[in-house]
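Enquirer: Attaching a single structure in structure tokens format; questions to follow.
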Amino acid sequence: MRFLVVPAILLGLAFLLSAIGSSEGSLGPPDAGVVGVPPAAVPNAHYPSNRPPLAVSPLVKLPIGAVEPRGWLLAQLQLMRDGFTGRLAEISRFLGDDSGWMTLKGQGWEEMPYWLKGYGDLAYLLRDAAMRKETERWLQQAFKSQARDGYFGPADNRGANDLWPNMVMLSALQSFYEATGDRRVLAMMSRYFQYEFHLPAEELLPGSWQKLRGGENLESVYWLYNRTGDGFLLDLARRLFERTSDWTSPILSPARDKNWVESSYYHGVNIAMGFREPGIYYQQSRDRSLLEAVERNYRQVLERYGRQPGGMFGADENIRPGKDDPRQGAETCTMVEFMASFESLLKITGDTVWADRAEEVAFNSLPASMTPDLKALHYLTAANLISCDSSGEHDFQNTGTLVSYDPWSYRCCQHNVAFGWPFFAEHLWMATADNGLAAAIYAPCSVTAKVAEGAAVTVTEESAYPFEDEIRLTVACERPVAFPLYLRLPGWARTVRIVLNGEPVGGTFAGGRYAVLRRTWRYGDQVRLAFDPPIEVVEWPSVRGAVSVRRGPLWYALKIGETWRRYGGTDTWPASEVLPSTPWNYGLVTGNPEANPSVRLVSRRPAEFQPFALDAAPIVLRARARRVPSWTAEGRMVGPVPASPARAEGPVEDVELVPMGCARLRISVFPAVKD
Ligand SMILES: [Zn+2]
């Protein structure tokens, strides 16, 4: 087992290198190469993608149903169906027949569309007839609600001049179209965008959440333009960009620091959605400085408030200046919106870094935000979290329970979490502009899509990735067909071995680019990707020299005994606290890793149906650690990580580390201690 000590700053360097690389190489034999980004000369011939004058997208989303999740990912969808997404109407007061989205009178804001956006996609992915019928029952009312001038949805939102809930509903409509081809969607969206187009400037995104989130609306406008080619949509897009809050300038600023409670730019969910908005408009403006602004802002926020494993930043409602340590939570809504932004930017730029970032959140942070049975979730998940209790004895912006697992309490997240896994699943494979296929994000699945001149191919992806270091692809096609197959090389990978039909493929396949195999594919062709992820001890200089442990796509946390205690809810929908039953205040022994490796892999086993549970952890590491008595709780909250090297007492112990997504209680940022 290789073992490396890596300063956190080097991880950033890998991202930078991947952003620079864009030329095509020919490092291997004639049929293998490496590219920074798949070419984007002319649009894909088989799937709707950017029409002129929009910039050609290197990656194109396949229609829902093309990617079929398998293995642990399918399990998440099935658990969602049987848990808080499929059965949310049993417990949500926003999904009753008295909802304004059903009655078309009275109130109906973001909650129902939040839920439907994920519920509908879940229905299509699982091919569940009853769920599809329920989706259509809600969409039917949306169609029915459309006024002569194009407005749709509950009258109250119109009265308040609030386009935000409709932005979410547009996404549900787009998925419905992708799944059914129902052309009423195109007609309805055209008329609705005419309504937006004719709004006086001061009434278009006048303020509040909608102003920060106008990029969502913009993305839907391009979606429709790519299907109808209506020129007015580009004029509307320009106006929407002008009327949306400015996300090109730095998100964090001294003025906003002073006004952090009020600043909508400091709201975690707004950042997760809004930061990508210049990247969406780049497709029309072709001004690369907009893409640079997106990357700059991502880094600014993560470097200041994301000094922790899991790909998130601390914003327990808003970013709070000075509250930048690993105890600060990230809202579940922020996770799923961040992932969706990464998936969107991946299509627009083709840059593998966005896939790395989507995987990091999906594999490490998102699973821990929910109970393993997906029947309850919490509002805030933190990289260091020692008690998921229902007390208010935590230092967060909001008061009351925020970290206990509850089916009821977290109004937005309860509904919005629904689209996290389905959207992730839909973006695993994408079509490329040159009529090939790209394995962009890895998880067990199969994909069926048109390539080359229109031949259908199916690629089966077998792996328990991220819990396995190997991915096996098998091609099925009716006749031999020539097309390029792009394989993302994850940014964390020093080198990837690629084997084609038993023969090693020549070349250097380092992370942050794509391997491309251009050949005539035949039925039964097999490609194997093998990773050899080292265990890395990552240092966080800005957390007073604290350390975290990473291996490939997974971050690891101290295994803390979990005592689950029901404190409310019903037998069917219990609300639970999770309390620690074993000590947590350990520092990791660092020092001379080559001579005396502190962390090592001790066991691995096949991923269970639900691998994101403490006792099901498919990979377990062991680390040498010592207790740090001065590190204590503050109320029910973990204290700040002591400066490293911290004063340790007692003997060196062997502690277990598990993937942080498997742990509901965790220490993933440790003080370093001496042997
Ligand atoms: Zn939320």
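Enquirer: Quick one: if you stick a label point 7 Å off each Cα along the C-beta vector at N501 and R87, how many nm between them?
Expert: 5.0 nm
Enquirer: Full-extension gain between A255 and A482, please, as 0.36 nm times their residue separation minus the C-alpha to C-alpha distance.
Expert: Details: separation 227, 0.36 × 227 = 81.72 nm, distance 5.63 nm.
Separation in residues times 0.36 nm, less the Cα-Cα distance, equals 76.1 nm.
Enquirer: Starting from the Cα-Cα distance between R605 and R184, subtract it from 0.36 nm times their residue separation and give me the gain in nm to one decimal. Don't skip to the answer; put the middle values down first.
Expert: Details: separation 421, 0.36 × 421 = 151.56 nm, distance 4.89 nm.
Between R605 and R184, full extension yields 146.7 nm more.
Enquirer: While we're on this one: With a 1.4 Å probe and every protein chain kept in, tell me what percent of the accessible surface of the chain is carbon plus sulfur. Walk me through the numbers before you get to the answer.
Expert: Numbers: 11790 of 23200 Å².
The nonpolar share, carbon plus sulfur, comes to 51 percent.
Enquirer: Let me ask something else about it. Taking θ as phi - 60°, what are the ³J(HN,Hα) couplings along the stretch 231-243 by the Karplus curve (6.51, -1.76, 1.60), each to the nearest whole Hz, with x for Gly and Pro?
Expert: Per-residue couplings from phi come out as x, 4, 5, 6, 5, 4, 4, 4, 5, 4, 4, 5, 8 Hz.
Enquirer: At a temperature of 25 °C and a viscosity of 0.890 mPa s, determine how fast the stretch 107-240 diffuses translationally according to Stokes-Einstein, using the Kirkwood radius over alpha-carbon pairs as Rh; express D in µm²/s, rounded to the nearest whole number. Walk me through the numbers on the way to the answer.
Expert: Values: Rh = 15.0 Å.
It comes out at roughly 163 µm²/s.
Enquirer: Moving to a separate point now. Take every Cα pair under 8 Å in the chain that's 6+ residues apart, average their separations, divide by the length, and report that relative contact order as a whole percent. Please report the intermediate quantities before stating the final value.
Expert: On the way: 1573 pairs, mean separation 117.5, N = 675.
Contact order relative to length: 17 percent.
Enquirer: Give me the distance in nm between label points sitting 7 Å out from Cα along the Cα-to-Cβ direction at R411 and R304, one decimal.
Expert: If labels sit at R411 and R304, their model points lie 2.9 nm apart.
Enquirer: Right, another one. In Å and from the alpha-carbon atoms only, list the Rg and Dmax of the stretch 496-636.
Expert: Both quantities, over Cα of the stretch 496-636: 21.3, 63 Å.
Enquirer: Express the accessible area of the stretch 318-368 per residue in Å², computed with a 1.4 Å probe while the remaining protein chains stay in the model.
Expert: Numbers: 550 Å² over 51 residues.
For the stretch 318-368, the per-residue accessible area is 11 Å².
Enquirer: From the backbone phi of the stretch 60-75, what are the Karplus-calculated ³J(HN,Hα) couplings (6.51 cos²θ - 1.76 cosθ + 1.60, θ = phi - 60°) in whole Hz, Gly and Pro given as x?
Expert: Karplus values, whole Hz, x for Gly and Pro: 10, 5, 7, x, 4, x, 5, 9, 10, x, 9, x, 5, 6, 4, 4.
Enquirer: Please work out the ratio of the alpha-carbon Rg of the chain to 2.2 N^0.38 Å and round it to two decimals. Mind showing how you got there, number by number?
Expert: Values: Rg = 24.2 Å, N = 675, 2.2 N^0.38 = 26.2 Å.
Here the Cα radius of gyration is 0.93 times the empirical estimate.
Enquirer: Find the accessible area per residue for the stretch 459-513; the probe is 1.4 Å, ligands and nucleic acids are left out, and the unit is Å². Don't jump to the answer; show the numbers that get you there.
Expert: Values: 2080 Å² over 55 residues.
Computed with neighbouring chains in place, this is 38 Å² per residue.
Enquirer: Looking at the P(r) of the stretch 347-450, how many percent of alpha-carbon pairs lie beyond 18 Å? Let's see the in-between values first.
Expert: Values: 3089 of 5356 pairs.
That fraction is 58 percent.
Enquirer: Using only the C-alpha atoms of the stretch 600-673, find the volume of their convex hull and express it per residue in Å³.
Expert: Details: hull volume 7.0 nm³, N = 74.
Taking the convex hull of the Cα positions in the stretch 600-673, it is 95 Å³ per residue.
Enquirer: Could you work out the relative contact order of the stretch 306-456, using alpha carbon pairs under 8 angstrom and six or more residues apart, expressed as a whole percent? It would help to have the intermediate numbers written out before the result.
Expert: Details: 222 pairs, mean separation 32.8, N = 151.
Reported relative contact order: 22 percent.
Enquirer: What number do you get for the stretch 467-541 when its Cα radius of gyration is normalised by 2.2 N^0.38 Å, N = residues? Working shown, then result.
Expert: Numbers: Rg = 14.6 Å, N = 75, 2.2 N^0.38 = 11.3 Å.
Compared with the compact-globule rule of thumb, the stretch 467-541 sits at 1.29.
Enquirer: Can you work out the Karplus-derived ³J(HN,Hα) for every residue in the stretch 308-313? Use 6.51 cos²θ - 1.76 cosθ + 1.60 with θ = phi - 60°, whole Hz, and x for glycine or proline.
Expert: Listing the rounded values in order: 6, x, x, x, 10, 10 Hz.
Enquirer: Counting residues in the stretch 230-355 as N, plug N into 2.2 N^0.38 Å and put the Cα Rg over that result. Can you show the working numbers first?
Expert: Values: Rg = 14.8 Å, N = 126, 2.2 N^0.38 = 13.8 Å.
Rounded to two decimals, the normalised Rg is 1.07.
Enquirer: If you don't mind, there's one more thing I want to ask. Rank by packing, highest mean first: peptides 181-187, 81-87, with packing defined as the count of other Cβ atoms within 10 Å averaged across residues. Can you show the working numbers first?
Expert: Details: 181-187: 14.9, 81-87: 20.7.
Packing order, densest peptide first, comes out as 81-87, 181-187.
Enquirer: If you don't mind, another one. Taking the mean number of other Cβ atoms within 10 Å as a proxy for protection, how do you rank 278-284, 622-628 from highest to lowest?
Expert: Working: 278-284: 23.6, 622-628: 21.1.
Taking the mean over residues of other Cβ atoms within 10 Å, the ranking is 278-284, 622-628.
Enquirer: Let me ask something additional. Based on the Kirkwood radius over alpha-carbon pairs, what is the Stokes-Einstein translational diffusion coefficient of the stretch 155-307 at 10 °C with 1.306 mPa s viscosity, in µm²/s? Before the final figure, lay out each step's value.
Expert: Details: Rh = 16.4 Å.
For these conditions, the coefficient is 97 µm²/s.
Enquirer: So, in the chain, how many Lys pairs have Cα atoms under 23 Å apart, if the pair is 8 or more places apart or on different chains?
Expert: Pairs that pass both the separation and distance tests number 18.
Enquirer: If you put +1 on each Lys and Arg Cβ and -1 on each Asp and Glu Cβ, how big is the dipole of the stretch 219-339 around its Cα centre, in Debye rounded to 20?
Expert: 180 debye
Enquirer: For the stretch 124-190, what's the radius of gyration and Dmax over Cα atoms, in angstrom?
Expert: 12.5, 37
Enquirer: If the label point is 7 Å along Cα→Cβ of S289, which residues in the stretch 239-278 have backbone nitrogen under 13 Å from it?
Expert: 248-250
Enquirer: Separate question: Could you work out the local net charge near G420, counting Lys and Arg as +1, Asp and Glu as -1, over the other residues with Cβ closer than 15 Å to its Cβ? Don't skip to the end; give the middle numbers.
Expert: Working: positive: R81, K117, R357; negative: D121, E331, E337, E343, E359, E360, E426.
That sum, taken over residues with Cβ under 15 Å, equals -4.
Enquirer: In nm, what is the difference between 0.36 nm times the number of residues separating S542 and Q526 and their Cα-Cα distance?
Expert: Numbers: separation 16, 0.36 × 16 = 5.76 nm, distance 4.50 nm.
Gain on stretching S542 to Q526: 1.3 nm.
The values are calculated or read from the model by the stated rules, or taken from the named source; none is laboratory data. Treat the numbers as computed from the prediction; the structure is a model and nothing was measured. We place every Cβ from the backbone using ideal geometry, glycine too, and count neighbours over all the protein chains shown. Ligands, DNA and RNA are excluded from the accessible area calculation, which covers all protein heavy atoms including side chains. Shrake-Rupley method; radii C 1.70, N 1.55, O 1.52, S 1.80 Å.
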